[in-house]
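Shown next, in structure tokens, is the structure this report addresses.
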Amino acid sequence: MRIILLGPPGAGKGTQSERIVARFGIPQLSTGDMLRAAVAAGTPVGREAKAVMESGGLVSDQIVVGIVADRIEEADARRGFILDGFPRTVEQAKALDAMLEQKGIALSTVVELKVDEDALVGRIATRAAETAAKGLPVRKDDTPEVFKSRLEAYRAQTAPLSDYYAQAGKLETIDGMQPIDTVTAALMTILEPHAETAGA
């Protein structure tokens, strides 16, 4: 079972990913974690990534896809995986599709958590105010200003993936503003048939 979770920052992808991992026993793959692991392990693609990062450059889509390609060959990902934070753009999605096709595997489904962005900004503002009221430091990511800029970046770069995967017949959507357990139940309804066909 190979899943991509889509949704803007604050949509609850992390929470739902943890529940999918617990239910189906497949790993959640974060590109940041995979990149650091590949660099630390000194794999060929990891060495390439390290050279780019040390020169202050941005790691190319080709390198990131290479790191994903290596990671999904590992034993724990043979039965499936959840991709978190990747692909971020349609170009990355196309590169991912090509790589998976080379390996003779396909995505099971892409699930998008649809949310009300204004409500999310309100949530973040409330959380920041509550944190500050307790005398605790407010994380930079948790300020409404930073959150709004992250939402704008998502809208510009990642939101077009919805259409891309819808045209491919892979997209399922869930109302991410529902209670967490309700979202989980909807997710499991979508994923269970894929688990059966994947033998997970």
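Look through region 156-175, keep the residues that are out of contact with any strand residue (DSSP E or B) (no Cβ under 9 Å at 6 or more places or on another chain) and part of a loop (DSSP other than H, G, I, E, B), and return whichever of them is farthest from Leu187 (Cα to Cα). If we take residues in region 156-175 being out of contact with any strand residue (DSSP E or B) (no Cβ under 9 Å at 6 or more places or on another chain) and part of a loop (DSSP other than H, G, I, E, B), then Pro160 is farthest from Leu187 (Cα to Cα). Scanning region 135-145 for residues that are open to solvent by 80 Å² or more (accessible area, probe 1.4 Å) and not in a loop (DSSP other than H, G, I, E, B) yields Lys140, Glu145. Scanning region 82-111 for residues that are within 11 Å of Arg2 (Cβ to Cβ) and of a type in the set (S, T, N, Q) yields Ser108, Thr109. Within region 116-134, being modelled with pLDDT of 90 or more and either in a loop (DSSP other than H, G, I, E, B) or open to solvent by less than 40 Å² (accessible area, probe 1.4 Å) (or both) holds for Asp116, Lys134. Looking across region 135-153, just one residue is at pLDDT 85 or above, of a type in the set (A, V, I, L, M, F, W, C) and over 29 Å from Thr89 (Cβ atoms), and that is Leu136. In region 116-168, of all residues being touching a residue at least 40 places away in the same chain (Cβ under 8 Å) and of a type in the set (S, T, N, Q), the one that is farthest from Gly85 (Cα to Cα) corresponds to Ser162. Every condition in (1) touching a Gly at 6+ places or on another chain (Cβ under 9 Å); (2) under 14 Å from Val64 (Cβ atoms) holds for Arg2 except the one numbered (2). Annotation note: Cβ proximity below 9 Å between a residue of region 9-36 that is among the basic types (Lys, Arg) and a residue that is open to solvent by less than 50 Å² (accessible area, probe 1.4 Å) and part of a loop (DSSP other than H, G, I, E, B) (sequence gap 6+ or interchain) occurs for Lys13/Gly7; Lys13/Gly85; Lys13/Gly176. The residues of region 136-179 that are touching a helix residue (DSSP H, G or I) at 6+ places or on another chain (Cβ under 6 Å), β-branched (Val, Ile, Thr) and under 16 Å from Gly12 (Cα atoms) amount to a single one, Ile174. Evaluating Thr126 against the criteria (1) within 19 Å of the chain's Cα centre (by Cα); (2) of a type in the set (Val, Ile, Thr); (3) farther than 22 Å from Ser17 by Cα leaves one unmet condition, (1). Tyr164 falls short on exactly one of the conditions (1) open to solvent by less than 30 Å² (accessible area, probe 1.4 Å); (2) of a type outside the set (Gly, Ala, Ser); (3) over 23 Å from Ala125 (Cα atoms), and that condition is (1).
The values are calculated or read from the model by the stated rules, or taken from the named source; none is laboratory data. In this text, all values refer to a predicted model and were calculated from it rather than measured experimentally. Note: ideal-geometry Cβ built from the backbone for every residue, glycine included; neighbour counts use all protein chains shown. When the accessible area is computed, the model is the full protein with side chains, heavy atoms only, and any ligands, DNA or RNA have been set aside. Shrake-Rupley method; radii C 1.70, N 1.55, O 1.52, S 1.80 Å.
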